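The values are calculated or read from the model by the stated rules, or taken from the named source; none is laboratory data. These numbers were taken from a predicted model, which means no experiment stands behind them. Note that each Cβ is placed from the backbone with ideal geometry, even for glycine, and that neighbours are counted across all protein chains shown.
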Amino acid sequence: MTESLGTTCVQGGWRPGDGEPRQVPIYQNTTWKYDTSEHMGRLFDLEESGYFYTRLANPTNDAVAAKIAELEGGTAAMLTSSGQAANFFAVF
């Protein structure tokens with residue numbers, strides 16, 4: 001069954017598992033806690049996927065980008081902090 005545009009606008013980009021909220025939570029934090037500095041280093045070096053600093057990636061932004069990609073029929077999307085940043089990425 002295909003979703004209508006309205007349903008995709010509300011629910012797109014987020015596929016909750018069992019016991020997870022229907023809508024993506026808004027994470028209002030800047031950093032995440034890890035038990036070892038080695039794990040944090042692997043994240044920073046992009047050897048593992050995950051979140052470590054909100055300016056580089058966070059789950060709320062990832063869900064919005066996935067929603068935009070789904071609405072536009074794309075495979076991925078990227079959020080920027082301003083129109084100037086978007087123009088920079090488009091040109092370079």
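Val24 meets the stated requirement of being part of a loop (DSSP other than H, G, I, E, B), of a type in the set (A, V, I, L, M) and surrounded by 10 or more Cβ atoms within 10 Å (Cβ to Cβ).
Checked against (1) surrounded by fewer than 12 Cβ atoms within 10 Å (Cβ to Cβ); (2) under 16 Å from the mean Cα position of the chain (by Cα); (3) β-branched (Val, Ile, Thr), Val91 meets all criteria but (2).
Being assigned to a helix (DSSP H, G or I), modelled with pLDDT of 85 or more and acidic (Asp, Glu): is that true of Glu38 here? So Glu38 passes the test. Of everything in segment 32-56, what is among the polar types (S, T, N, Q) and surrounded by 11 or more Cβ atoms within 10 Å (Cβ to Cβ)? Give them in sequence order. Once the filter is applied, which keeps residues that are among the polar types (S, T, N, Q) and surrounded by 11 or more Cβ atoms within 10 Å (Cβ to Cβ), segment 32-56 yields only Thr54. In segment 5-14 there is at least one residue matching the filter, namely being surrounded by fewer than 10 Cβ atoms within 10 Å (Cβ to Cβ) and out of contact with any Pro (no Cβ under 9 Å at 6 or more places or on another chain). Can we say Val10 is in contact (Cβ under 8 Å) with a residue 24 or more places away in the chain, closer than 23 Å to Thr75 by Cα and of a type in the set (A, V, I, L, M)? No; evaluated as a whole, the condition is false for this residue. Scan segment 57-82 for residues that are surrounded by 12 or more Cβ atoms within 10 Å (Cβ to Cβ), part of a loop (DSSP other than H, G, I, E, B) and among the hydroxyl-bearing types (Ser, Thr, Tyr) and jot them down. Within segment 57-82, just Thr80 meets the criteria. Remark: Val64 matches the filter, which requires a residue to be among the β-branched types (Val, Ile, Thr) and touching a residue at least 12 places away in the same chain (Cβ under 8 Å).
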